[in-house]
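The values are calculated or read from the model by the stated rules, or taken from the named source; none is laboratory data. Model, not experiment: these values are computed from the prediction. All Cβ positions, glycine included, derive from the backbone under ideal geometry; neighbour counts span all protein chains shown. The area values use the complete protein model at the heavy-atom level, side chains included, leaving out ligands, DNA and RNA. Shrake-Rupley method; radii C 1.70, N 1.55, O 1.52, S 1.80 Å.
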Amino acid sequence: MPETTVVKTTTEKPARRWPESNLFGPRGLFGPMIPFGDLFGVNPFALMREFTKEMDRAFSTSSASELRPEVWIPAIEVKKANGNFLVTAELPGIKTGDVKVEVTDEALTIEGERKEEKREEKEGLYRSERSYGRFYRSIPLPDGAKTDQVKAEMKNGILEIKVPVNGAKQKSRQIPVAGTGEV
């Protein structure tokens, strides 16, 4: 019987190196997320769990106390006319009882909360939308404002506040700017 020689050879695969431009490699966009050497050797469920954890971490807040109502900033117009300092605020859908106006010698403060709920039911379809938002605006008052004579009135979602101002105009003067004048 002829003799047969068996020679065992091993061929090791060289370690896979990720190209520099690969997003999934160690230096790519998702590199820190995948701590494994080769993407194709990873259990797909483990990879999905890791991805889910990263997404939850990115979009979650650290505590429930950070969840605050949405801030809403209403449009406000401020002007002087006929001896009055006039402030007009657009507050659509807000009831008079939900608005608070305060005045000090320095500023006029308007604050409140908007609460709006819409419900619609049609042929088996139920739709509900809620919108909440707090606002706070502080407007500095000019010199000579008579804070004891302030009047506020709200009509059709428009808040108008009148603050009488002394007729005496402030004198302005130009202030010289000191410096060398070089840039």
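Can you confirm whether the stretch 56-74 contains a residue that is part of a strand (DSSP E or B), open to solvent by 60 Å² or more (accessible area, probe 1.4 Å), charged (D, E, K, R) and modelled with pLDDT under 85? It would help to see each step written out before you state the result.
Kept after step one, since they are part of a strand (DSSP E or B), are these residues of the stretch 56-74: 71.
Subsequent filtering for residues that are open to solvent by 60 Å² or more (accessible area, probe 1.4 Å) retains 71.
The next check asks that each one be charged (D, E, K, R); those that pass are none.
No, the stretch 56-74 contains no residue that is part of a strand (DSSP E or B), open to solvent by 60 Å² or more (accessible area, probe 1.4 Å), charged (D, E, K, R) and modelled with pLDDT under 85.
If you check every pair at least six apart or on different chains, which have Cβ atoms under 9 Å apart with a residue in the stretch 74-88 that is of a type in the set (Lys, Arg) first and a residue that is open to solvent by less than 70 Å² (accessible area, probe 1.4 Å) second?
79/85; 79/86; 79/87; 79/88; 80/86; 80/142; 80/165
Please count how many residues of the stretch 84-111 are open to solvent by less than 50 Å² (accessible area, probe 1.4 Å) and not hydrophobic (A, V, I, L, M, F, W, C). Working first, answer last.
Filtering the stretch 84-111 for residues open to solvent by less than 50 Å² (accessible area, probe 1.4 Å) gives 84-89, 91, 94, 99, 107-111.
Next, only the ones that are not hydrophobic (A, V, I, L, M, F, W, C) stay: 84, 88, 109, 111.
Number of matching residues: 4.
I'm trying to understand the selection: among the residues of the stretch 114-156, which are open to solvent by less than 60 Å² (accessible area, probe 1.4 Å), part of a loop (DSSP other than H, G, I, E, B) and of a type in the set (Gly, Ala, Ser)?
144
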